Ligand code: HEM
């Protein structure tokens, strides 16, 4: 896909999402699709959409028939140069190097610092009786954490946040002019950020630390090949793939907890349940509900013939509610175990940052329940959902704080 195809893809996603009705409650529409047309071709958007758990796993696990290369590799689109947009054998090679930065051991070493950052943000947010959980907490948290993990000096953090926001920004509507404007801003932001990362990488070469960039530079020096040209887009990818998704996981989790009276208190009294609650939030409100694939070779899925070159939207958010797999699939059950959700994908592109996202969210919830005796929706509460994009979450989320 070239850049204009990236725009087309954006338009297709907006069109399909618009069909789902409410942006924060697409679940009745998912259910209808699972029942009536689980493998569905949209003539206007020119994409397949797949809704059943079994088909979703089949597609993500089949790299012979489905490709992740939906963007043509261009200099302007740094995501196009990353593992996200690669197939084996290159994907396997690069992934084996970059996965060194995200091992459980590396994450464990970061845990105390992540907790410290979380507490600082909560102390700041807790000065009033109310906070915006997104603006004051779940949005800044992953950006500050990833900038430390990458070893970005503190003086650049504000600029870094700005770039990070541009990278995950979405067009305000799906008119071609707006999509064009959005693309141009994004490309400019990506170029600036790439320049910034080049400088950081150069600095690190002379003084290695414990951060992700240093780990990856060392991996390169141990004979495994990861050039600076590959390292820069990878740093961009971490921002795109990791920040907004984690923001949304935290706010979706808190929303689901508050929607179900008694759960906040249960977690406050029994914090050891928090890891299960995080898994259930991932299942129940998947922050990245759609992933994309291109058909590599003709194949039949669910009785439909998918043709080489066609685009497929794979609905993780629907698979996670599939009643064939999850009992009482529309209930938020923090005791659910086992919980084989696909919120982090499946197969060779399974989310590399899953250990970090889980750790951040577990710490976020643990610190929230230990700091506030209660959290509640304000009396006049309206859902402010992210629309018009492939991600699922809240733009703002006011909550009342009980100290
Ligand atoms: C709740 C938070 C997150 C969710 C729901 C999520 C979800 C996903 C999903 C569904 C994929 C698979 C994409 C595909 O199959 O095409 C993926 C891939 C990826 N994620 Fe995450 N992610 C999260 C957090 C993070 C974090 C914190 C990072 C790193 C800082 C990260 C880095 C990546 C990378 C590098 C890939 C590409 C892996 C590959 O292509 O081999 N993610 N993520």
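Stretching the chain fully between residue 75 and residue 202 yields a gain of 43.7 nm (0.36 nm per residue, less the alpha carbon separation). The modelled label-to-label distance between residue 259 and residue 115, using points 7 Å beyond Cα along the C-beta direction, is 3.1 nm. Using just its DSSP H runs of length 4 or more, each adding -39500 (n - 2.57), the chain gives a mean residue ellipticity at 222 nm of -16000 deg cm²/dmol after division by all residues. Label reach from residue 276 (point 7 Å along Cα→C-beta): in the range 240-254, amide nitrogens under 19 Å belong to 253-254. When a/c reaches 1.5 or more, the comparison of a/b and b/c decides; with that in mind, is the range 284-354 rounded, prolate or oblate per its Cα gyration tensor? Note, shape of the range 284-354 comes out prolate.
Extending 7 Å from the Cα toward the beta-carbon at both residue 175 and residue 36 defines two label points whose distance is 3.1 nm.
Determine, for each peptide in 355-367, 82-94, the mean count of other beta carbons within 10 angstrom over its residues, then list the peptides with the highest first. Numbers along the way, then the final one.
On the way: 355-367: 22.2, 82-94: 17.5.
Ranking the peptides 355-367, 82-94 by packing returns 355-367, 82-94.
The ratio of the alpha-carbon radius of gyration of the range 153-198 to the globular-protein estimate 2.2 N^0.38 Å is 1.28. At a Förster radius of 41 Å, what calculated FRET efficiency corresponds to the Cβ-Cβ distance of residue 335 and residue 165, to the nearest 0.05? Plugging the Cβ-Cβ distance into 1/(1 + (r/R0)^6) gives 0.65. Between 50, 143, 168, the residue with the greatest mean-square fluctuation in the GNM of the chain (Cα pairs under 10 Å linked by springs) is 168. For the chain, the relative contact order works out to 27 percent when only alpha carbon pairs closer than 8 Å and six or more residues apart are counted.
Which stretch or stretches of the range 33-62 have amide N atoms under 20 Å from the point lying 7 Å from residue 325's Cα along the Cα→Cβ direction? Answer for this model: 33-41, 48-62.
None of the figures in this text is laboratory data; all of them are computed from the coordinates on show. In this text, all values refer to a predicted model and were calculated from it rather than measured experimentally. In this analysis, Cβ positions are derived from the backbone assuming ideal geometry, glycine residues included, and neighbour counts consider all displayed protein chains.
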